[in-house]
Amino acid sequence: MMLIAVGWILVLLLAGGLALDRAMTAMVTRNFDEQLGYMLTGMIGSAEIGPDGEVFFNRPLGDQRFLEPNSGLYWQISGKGHEDFPSRSLWDRTLKISADHQDTQAHIFDSSQFSGEPLRIMERSIILPGSNTTWWFVVAESRHELDAQIRRIRTILIDSFLVLGLGLVLMAAIQSWYGLSPLRRVRLAIAHMRSTGANRVSDPLPVEVQPLVQELNDLLSHNERQAEEARTHAGNLAHALKTPLTVLLNAAQAKEPDLAESVARETAVMRRQVEHHLARARAVGRRGAGQARTPVWDAAKSVMRAVERLYPDARFDLDGSHDAQVAIERQDLDDLLGNLIENAAKYGGGSVFVTVDAGDKGELVEIWVEDDGMGIPEVERTRIFDRGARLDTGKPGTGLGLAIVRDVAEIYGGNVDLDESEDLGGLLVKLRLPRARG
């Protein structure tokens, strides 16, 4: 901020100083030239042609410097075929005039024809009454005074702009220091939060940094939730593995004859528990990684083709929107749909019907998975989401499929509930997932 401020101050002061210098120099020079113009006009107005054909003044010029040798103010009248008529101030010097052109209007220029004395010269060619000769009227003045005025103006400008620039830089520094003070207060508030063990920034802070503080508190809340979820997952996994391990330990100690069968059964349970919690952990990690976009139709077709190989006698139908996209990772969506479609094929009567975006097209994409099985009684629809809960124990499984669907959907901000299928008569699972934006 300070570098930008200093850079702009330097650029603007330099541009403004140059523009003001040009304007002031032009104004002083124009005033100087106007004085020469007045003198030239006076010369022309006083000049006459005498009986001898030479030019003379019918009245003396008013400026005393014309009478003082080398005074710095000079005039001269020249005509072709006539001697020059100079002012006494020229003494033994002559103003050089180029008579090969006509200046019907006053012509002004700088000259260095006098060593050590730069001149500002104004000249004009006139044909006086009673003469056919073109007379050159010239008035010249030393530039010393003009250059001294310009130097004084530039000195004043440089000093003024230096003071102005230093003042602006100082004000910019004060403004930056004061304007950024709320951020220093945020830093102190965070340090205070860490030293006191608080979990939120609660110190009173200016309104300018409140959005930052709110985002910081939201980030702390998000991290707390993730830490709590991690602790919960670890506890749940430990609890889930405790029972199978106890069964295996008891079977091993008792040297039961069906030990191998027990090991196979309980390790399958433990593997499914581990997969369940890994699925949750992956979903949590992907949720924090960024906003995903997954087409639902493509995922549903892929999952249905895989399930068809497991249940070749079942009939699968897919309908609904081809364009619906959800804000979750493809692998997680495949896991959700795979659990639901496989359950429908396993426990249904042979028909599975999947509808994409069957809801009200709001913030959530609603995916329906229906089957023609026996369904689930309404009183059991809440309990069935518990880990390990199964209603049909005659078919292989661990009872974790719907629990995984519920947990992963909730991690992404969605939900799942159960109903009765009006078309097929079996179970209707309504999976709602956040719609991808944009």
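If you take the Cα centroid of the stretch 42-90 and the Cα centroid of the stretch 154-224, the two points sit 75 Å apart.
Looking at the stretch 45-153, the accessible area is 56 square angstrom per residue; that uses a 1.4 Å probe and ignores ligands, DNA and RNA. Where a ≥ b ≥ c are the square roots of the eigenvalues of the C-alpha gyration tensor, would you call the stretch 82-186 rounded, which needs a/c under 1.5, or, failing that, prolate if a/b is larger than b/c, or oblate? The shape class here is prolate.
Would you work out which of Thr267, Gln226, Leu245 lies farthest towards the positive end of the dipole of the chain, given +1 charges on the beta-carbon of Lys and Arg and -1 on that of Asp and Glu, about the Cα centre? Result: Leu245. A run of the chain free of exposed loop cleavage sites, with GluC sites (Glu not before Pro) counted only in DSSP states other than H, G, I, E and B and at most 15 other beta carbons within 10 Å, reaches its longest extent at 84-362. Each stretch of four or more DSSP H residues adds -39500 (n - 2.57); spread over every residue of the chain, this sum gives -17500 deg cm²/dmol at 222 nm.
Helix screen, the chain: DSSP H segments with Cα axial length of 15 Å or more and mean Kyte-Doolittle hydropathy at least 0.0 are 2-46, 144-179, 296-310, 401-411. The apolar share of the surface of the chain, taken as the fraction of accessible area on carbon and sulfur atoms (1.4 Å probe, ligands and nucleic acids excluded), comes to 57 percent. For the stretch 25-107, just say rounded, prolate or oblate: build the C-alpha gyration tensor, square-root its eigenvalues into a ≥ b ≥ c, call rounded for a/c under 1.5, and beyond that prolate if a/b exceeds b/c, oblate if not. Since a/c reaches 1.5 and a/b is larger than b/c, the shape of the stretch 25-107 is classed as prolate. Model label points for Glu256 and Asp84, set 7 angstrom from Cα along the Cα-to-Cβ axis, are 13.5 nm apart. Cα gyration tensor of the stretch 305-387, axes a ≥ b ≥ c as square roots of the eigenvalues: rounded (a/c below 1.5), prolate (a/b > b/c) or oblate? Oblate, because a/c is 1.5 or more while a/b does not exceed b/c.
Listed values [x] 50.3, 158; [y] 21.5, 59; [z] 23.3, 77 include one computed from this model; for Rg and Dmax of the Cα atoms in Å that value carries the label [x].
The values are calculated or read from the model by the stated rules, or taken from the named source; none is laboratory data. Predicted model only: the values in this text are computed from it and were never measured. As a convention, Cβ positions derive from the backbone with ideal geometry for all residues, glycine included, and neighbour counts pool all protein chains shown. To get the accessible areas, we keep the full protein, side chains included, count just its heavy atoms, and leave off ligands, DNA and RNA. Shrake-Rupley method; radii C 1.70, N 1.55, O 1.52, S 1.80 Å.
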